[in-house]
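What follows is a single structure, written as structure tokens, with notes after it.
The values are calculated or read from the model by the stated rules, or taken from the named source; none is laboratory data. The shown structure was predicted, so the numbers you read here are calculated from the model rather than taken from an experiment. So basically every Cβ, Gly included, is an ideal-geometry build from the backbone, and we count neighbours across all protein chains shown.
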Amino acid sequence: MAAKEHKEVCVGEHSRPGCGSVRPAPNSNAVALASSRPAAEELQDAQSERMVLNMGPSHPATHGVLRIVLELDGEIITKADPDVGYLHRGDEKIAENMTYTQFIPYTDRLDYLAPLANNVAYALAVEKLLGIEKDLPPRCQYIRVMCAELARVSSHLLGIGAFAMDLGAVTVFLLTFNEREKVYNLAEAISGARFTTSYTRIGGVMRDLPPGWTEQCRKFCNELVPVLNEVETLLTRNRIWVDRVRDLAVISKEDAIDYGLSGPNLRGSGIEYDLRKAQPYLCYKDLEFDIPIGSVGDCYDRYLVRMEEMRQSLRILHQCIDKIPGGADNKSNEPVNVADGKIVLPPKQKVMTKMEELIHQFMLVTEGVNCPPGEIYFGHENPKGELGFYINSRGGGTPYRMKIRSPSFVNLSIISKIFPGCLMSDTVAILGSLDFVMGECDR
Amino acid sequence: MSALEFAKKIKAKFGDLISEPTKFRGEITIQLGDAERIVEVCEFAKKELDFNYLVDISSVDNYGEDPRWTIVYHLRRLADSCELRLKTSVSEEKSELPSVTTVWKTANWHEREIYDMMGVRFRGHPDLRRILMWEGYPYFPLRKDFPLAGKTTDVPGVAFTQPAPLEGGPFVTAPGGKDAIEREPRVRNPES
């Protein structure tokens, strides 16, 4: 952080910013004059001096490359202007120049704390354009739900860990990061990659669950509960924590809707809206879970909502493991991809021996999945909020235009509304409670 | 009430300005004939029909067609999660339409992004600056006539005017020779 502009505070002579600082010499008449002026006027003079402080783009509390230009009056923020775009890579432009399948790895790099959820969101959007979202085999739907919920747990663990660490509670960070490592192990087992998973494909997933994965997942779910309890013991009724986050940056219901917030930030303000319930996709209809909401809309509520969402995700994961068609090792050979050779790559053995499959393989790889002309919007309940893809297709294997509605981008736009009036030291808490990712914000 | 019925209500109110609702994959789209009336339509949708949540605004560049720009608004009622897509067209000469920031505050950043990426201006926007690119960047990169690999420029200190810092350096396996535009394998020149 560097003070860009600093004006000396002059209490004596009547001075305003822009008039130049005229500091009266001691014992001069000006001082005598000033002392006779009412105290309120002097206070107003002091308050009119503002300092502009540049926070970021490389600041530990901005979790990436967010820059905020703060205008301070003493320790109180009077104006905040977020500056985004430092991580802009032009994903939407890139998407227009490649096939639908080729874009899947780019979705990993949107919200890079929950790549599995992004993969699921993107695949569902393209499938909606193709009109095959209802044809997805049940096993595939359950696998995808498990992926999305694991990503939610992982993302919230990081969100709360970093939030707490920024406010000085390093123990929480260590606890949650330990658990995230296990989610990475699970992601590695299904996709081969810990971080950039690219697990889904248009019309299915890359491959079925490996043997023993569901038991590993259940073990993780069971192990996470005591850790969550410990985190709650460390934070929820901790006097220091509560004092720092309660009644801070209250977002009213009206503001939350007006600014288009989504995910835990919207629900923290007391609006019961979750796309998994409001527009059920995949097999969420068959699963039981609750939507936690806040009552005040402060940073404390947003923290509580995330804690409860993790518990609900574990509930969903347990149900998925119990109900997944084909069971743990898929003895009954349930399919995980749609049965359409023009959408999903055929098995390699058939490509080598059958003419039709060879043609399908060739067409899919060179031209991409042939999508009909039309436009769709699909919103997915990602850990950070609603990740939406607007795809405008003119037919063929590449989108004509693809807009990514990223939750972090929209959630950050409320900063200039909620920052003024807060203390400088509260910025860290508010940013932590908003839980954003710049990779997704800047695209 | 379904999205189709809401679309018909808007059509009943504004008559010929609104096109017949079209349905694709269960989504209802209506087209507004005159972009100048967008605020009026949005205000009606929000105040009378309770479309209180603006999901997204996007823009499409119909390069080589007239009108060139399509602005797409995604409206939602949080009460029953009913969604409606509202589209309007803007010609290239005009490249301007009224801002809906007075209706939904979230439009602020979406409109800034459209201005930044495509160069369509929003009249009445409180703070129409670039948002993802930096102040002073000379192009609108999401336009179809902007090549994927970028463009060179005479403006000093802007990307693509100089070789990249590591170009030809120790970690680059295939150094130099071609510039970024020629090296980009997926590039398709929109002019050709």
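Test B:L75 against the criterion of being outside any loop (DSSP other than H, G, I, E, B) and in contact (Cβ under 8 Å) with a residue 60 or more places away in the chain, and give yes or no. Criteria not met by B:L75. You will find that of A:L136, A:L113, the residue that is more than 14 Å from every other protein chain (Cβ to nearest Cβ) and over 13 Å from A:T197 (Cα atoms) is A:L136 and no other.
Residues in the stretch A:258-271 that are part of a helix (DSSP H, G or I) and either over 18 Å from the mean Cα position of the chain (by Cα) or within 12 Å of another protein chain (Cβ to nearest Cβ) (or both) were compared, and the one that is surrounded by the most Cβ atoms within 10 Å (Cβ to Cβ) is A:L266. Considering A:V84, A:V126, the condition of being β-branched (V, I, T) and in contact with a helix residue (DSSP H, G or I) (Cβ under 6 Å, 6 or more places away or on another chain) is satisfied by A:V84 alone. Evaluate the stretch A:294-317: report whether one residue or more is aliphatic (A, V, I, L, M), modelled with pLDDT of 90 or more, in contact with an Asp or Glu (Cβ under 7 Å, 6 or more places away or on another chain) and crowded, with 20+ Cβ neighbours inside 10 Å. Scanning the stretch A:294-317 turns up at least one residue that is aliphatic (A, V, I, L, M), modelled with pLDDT of 90 or more, in contact with an Asp or Glu (Cβ under 7 Å, 6 or more places away or on another chain) and crowded, with 20+ Cβ neighbours inside 10 Å.
Count of the stretch A:383-436 residues, restricted to those that are surrounded by 24 or more Cβ atoms within 10 Å (Cβ to Cβ) and part of a loop (DSSP other than H, G, I, E, B), is 7. Exactly one residue out of A:D255, A:D286, A:D274 is within 13 Å of another protein chain (Cβ to nearest Cβ), farther than 16 Å from A:I160 by Cα, in contact (Cβ under 8 Å) with a residue 24 or more places away in the chain and surrounded by fewer than 18 Cβ atoms within 10 Å (Cβ to Cβ), and it is A:D255.
Go through the residues of the stretch A:205-215 one by one and say whether even a single one is in contact (Cβ under 8 Å) with a residue 12 or more places away in the chain and among the small types (G, A, S).
Taking the stretch A:205-215 first, the residues in contact (Cβ under 8 Å) with a residue 12 or more places away in the chain are A:205-215.
Next cut, among the small types (G, A, S) only: A:212.
Among the residues of the stretch A:205-215, at least one is in contact (Cβ under 8 Å) with a residue 12 or more places away in the chain and among the small types (G, A, S), which makes the answer yes.
Can B:T70 be described as more than 25 Å from A:Y273 (Cβ to Cβ), of a type in the set (S, T, N, Q) and within 12 Å of chain A (Cβ to nearest Cβ)? Spelling it out, B:T70 is indeed more than 25 Å from A:Y273 (Cβ to Cβ), of a type in the set (S, T, N, Q) and within 12 Å of chain A (Cβ to nearest Cβ). Under 6 Å between Cβ atoms, which residue pairs at least 6 apart in sequence (or on different chains) link something in the stretch A:419-442 that is in the same structural domain as A:R306 (by TED's automatic domain parsing) and more than 14 Å from A:T78 (Cβ to Cβ) with a partner that is buried (at least 24 other Cβ atoms within 10 Å of the Cβ) and of a type in the set (K, R)? From residues that are in the same structural domain as A:R306 (by TED's automatic domain parsing) and more than 14 Å from A:T78 (Cβ to Cβ), the pairs are A:S433/A:R302. Is it fair to say B:V39 is at pLDDT 90 or above, under 30 Å from B:F140 (Cα atoms), more than 11 Å from chain A (Cβ to nearest Cβ) and in contact with a strand residue (DSSP E or B) (Cβ under 9 Å, 6 or more places away or on another chain)? Taking the combined requirement at face value, the residue satisfies it. Among the criteria (1) touching a residue at least 40 places away in the same chain (Cβ under 8 Å); (2) closer than 21 Å to A:N392 by Cα; (3) among the hydroxyl-bearing types (S, T, Y); (4) within 13 Å of chain A (Cβ to nearest Cβ), the one B:T102 does not fulfil is (2).
Evaluated against (1) at pLDDT 90 or above; (2) of a type outside the set (V, I, T); (3) touching a strand residue (DSSP E or B) at 6+ places or on another chain (Cβ under 7 Å), B:E113 falls short on exactly one condition, (3).
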